[in-house]
Amino acid sequence: MPARVSLINLGCPKNLVDAEVMLGQMHSRGFELTGDPTEADVVIVNTCGFLAASVRESLETLAAVSRLKATGRCRAVIAAGCMAQRYGDALAEALPEVDGIVGVGQALALPEVIERALAGDRPLHLPPPAAGFEAYDRRLPSTPRWTAYVKLSEGCDRHCSFCAIPAIRGPMVSRPAEAILREVEALVARGVREVILIGQDPNRYGVDRGEGHALPRLLEALAAIPDLRWIRLMYLFPDRHLVPILATAARLPRVCAYVDVPMQHASPAILRAMNRPGSGDEFLAMLAEYRSARPEAFVRSTFIVGFPGETEAHFRELLDFLAAAELDWVGAFEYSREEGTPAAARRPVARRVRRERYHRLMSLQREITARRLAWRVGSRAEAVIERIDPEGAVGRIYGQAPEIDGETWFEAPLPADVRPGDFVEVAITGAREYDLVARVERLLHRPPLPAPRELIELQV
């Protein structure tokens, strides 16, 4: 009887793609998969190691599932992913209850790691960081059937002074365009209608392959795939190469009028300390150009407050930028000191000050987001219906990415035949703090219903 395996995924959408590839490889090797860790022989935790808080969450999750060995059928716990790669041997020493450790990009090795752990060995499979694209011939999607994340590249060459990702994930490696196109075509054939393009640094897609900054060409090729409705861009870097990417996106109707550009700060002095380019004025100019081409666009960004050396004057520059930029969605983080990064050696801003600045920024942005949403009342948009339950129907318009942005609540009564996964035209009738309210006007597109948890198989 095959071993029953459960996988718990932590962290970002890039980690989610890794988890889906792991699931695909385990499925193809004959393991039985379950979503319930209490019913599993083996529990894999795909860890996150980006920030101190995510490391704590990963450690707590590993400790919790390890207790299942005393109370359930669990016989082995495997740590995989970013934290496993980052701390490896130290993690093995700190958590003796973990029965195996496997680093990033090692989905092909995972079945053997599981088998060795079940045999009583304690495998530590920790080669240098790898992209792992050779394992992408198998993928078991875990997202709703109409949406999927697609990884363009792995690793990063930027070396921002606060970021440990290059040490964890290694240098940037782009996937061949042909492989990405085949994967998206396979996903669309399964019923996916929204693909969300991700990577640590999509701007530089293709550079490592000698193809130049190839993302605009890739967008044009993806936009030609029949039945693909939404192409969403995430994690773009605010350098000069963003301009042609935004220009291409603005003229392709299938590329959502939505862009995610983590700017991290607006003060030139703090950006230089972060080893990042740009300034608030440069960012405003890029935004103005994009919005002039696509006035209906939503713009998302993230910012760090309390970076070492940030004064009140620097922080005021950031607040003034936010007031001028009128971004639709903003995420903010208090600076987290990450060992091994250049910023970790600098004198930190007091925790009390970091916390106070975080609340001031989010208070300002709450008002801006409310104003931006209210501005859209009375307009029409394309939306996808994601769930229908006794509390009502909820989904997203093109300007709302899954899980990180607000949602759209649909007014009752709905047309009688609509179902989750339908793409509809809506009239926006109201706005709440972070959500929209809309009335469904008509059905635009209905994807086919695939078999549940259908394995995506590709040639790589």
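One residue stands out in the range 342-355 among those that are of a type in the set (A, V, I, L, M, F, W, C) and assigned to a helix (DSSP H, G or I): the one that is surrounded by the fewest Cβ atoms within 10 Å (Cβ to Cβ), namely ALA345. Within the range 147-193, the residues that satisfy the criterion of being in contact (Cβ under 8 Å) with a residue 60 or more places away in the chain, farther than 24 Å from LEU51 by Cα and in a helix (DSSP H, G or I) are ALA179, ARG182, GLU183, ALA186, LEU187, ARG190. Return yes or no: is ALA370 in contact (Cβ under 8 Å) with a residue 60 or more places away in the chain and under 22 Å from VAL261 (Cα atoms)? Yes. For the range 376-401, a residue qualifies if it is at pLDDT 95 or above, part of a loop (DSSP other than H, G, I, E, B) and either of a type in the set (Asp, Glu) or surrounded by 14 or more Cβ atoms within 10 Å (Cβ to Cβ) (or both), and the qualifying residues are ARG376, VAL377, TYR398, GLY399, GLN400, ALA401. In the range 31-146, counting only helices (runs of 4 or more DSSP H) that sit wholly within it, the ones holding 1 or more residues that are within 21 Å of PRO2 (Cα to Cα) span 52-66, 68-71, 110-118.
Taking the numbered list (1) buried (at least 17 other Cβ atoms within 10 Å of the Cβ); (2) closer than 19 Å to THR71 by Cβ; (3) within 24 Å of the chain's Cα centre (by Cα) in turn, ALA3 passes all entries but (3). Whenever a residue of the range 395-423 is within 17 Å of LEU197 (Cα to Cα), its partners that are exposed (fewer than 15 other Cβ atoms within 10 Å of the Cβ), lying with C-beta atoms within less than 9 angstrom and at least six residues away or across chains, give the pairs TYR398/GLU296; GLY399/GLU296; ILE404/GLY331; ASP405/TYR434. Restricting the range 255-298 to residues that are among the charged types (D, E, K, R) and out of contact with any Phe, Trp or Tyr (no Cβ under 7 Å at 6 or more places or on another chain) leaves a set whose member that is surrounded by the most Cβ atoms within 10 Å (Cβ to Cβ) is ARG276. Annotation note: Cβ proximity below 9 Å between a residue of the range 286-297 that is under 19 Å from PHE321 (Cβ atoms) and charged (D, E, K, R) and a residue that is modelled with pLDDT of 95 or more and part of a loop (DSSP other than H, G, I, E, B) (sequence gap 6+ or interchain) occurs for ARG291/ALA297. Is it true that GLY155 is touching a Gly at 6+ places or on another chain (Cβ under 9 Å) and either on the phi > 0 side of the Ramachandran plot or modelled with pLDDT under 90 (or both)? In short, yes.
For first residues located in the range 31-48 and touching a residue at least 60 places away in the same chain (Cβ under 8 Å), partners that are surrounded by 24 or more Cβ atoms within 10 Å (Cβ to Cβ) and lie 6+ apart or on another chain with Cβ distances below 6 Å form the pairs PHE31/VAL5; LEU33/VAL5; VAL42/VAL5; VAL42/ALA76; VAL42/ILE114; ILE44/LEU7; ILE44/ILE78; ILE44/ALA80. Taken over the range 108-131, the criterion of being touching an Asp or Glu at 6+ places or on another chain (Cβ under 7 Å) and surrounded by 18 or more Cβ atoms within 10 Å (Cβ to Cβ) is satisfied by ALA117, ALA131.
Conditions tested, residue by residue: (1) part of a loop (DSSP other than H, G, I, E, B); (2) assigned by TED's automatic domain parsing to the domain that holds GLY306; (3) out of contact with any strand residue (DSSP E or B) (no Cβ under 8 Å at 6 or more places or on another chain); (4) surrounded by 14 or more Cβ atoms within 10 Å (Cβ to Cβ).
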site	(1), (2), (3), (4)
ARG357	no, yes, no, yes
GLU367	no, yes, yes, no
PRO420	yes, no, no, yes
GLY430	no, no, no, yes
TYR434	yes, no, yes, yes
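Of all the criteria given as (1) in contact with a Pro (Cβ under 9 Å, 6 or more places away or on another chain); (2) surrounded by fewer than 22 Cβ atoms within 10 Å (Cβ to Cβ); (3) not aliphatic (A, V, I, L, M), the one not satisfied by GLY100 is (2). Per the conditions (1) small (Gly, Ala, Ser); (2) in contact (Cβ under 8 Å) with a residue 24 or more places away in the chain; (3) surrounded by fewer than 24 Cβ atoms within 10 Å (Cβ to Cβ), the sole criterion not satisfied by GLY81 is (3).
The values are calculated or read from the model by the stated rules, or taken from the named source; none is laboratory data. These numbers come from a predicted model, not from an experiment. So basically every Cβ, Gly included, is an ideal-geometry build from the backbone, and we count neighbours across all protein chains shown.
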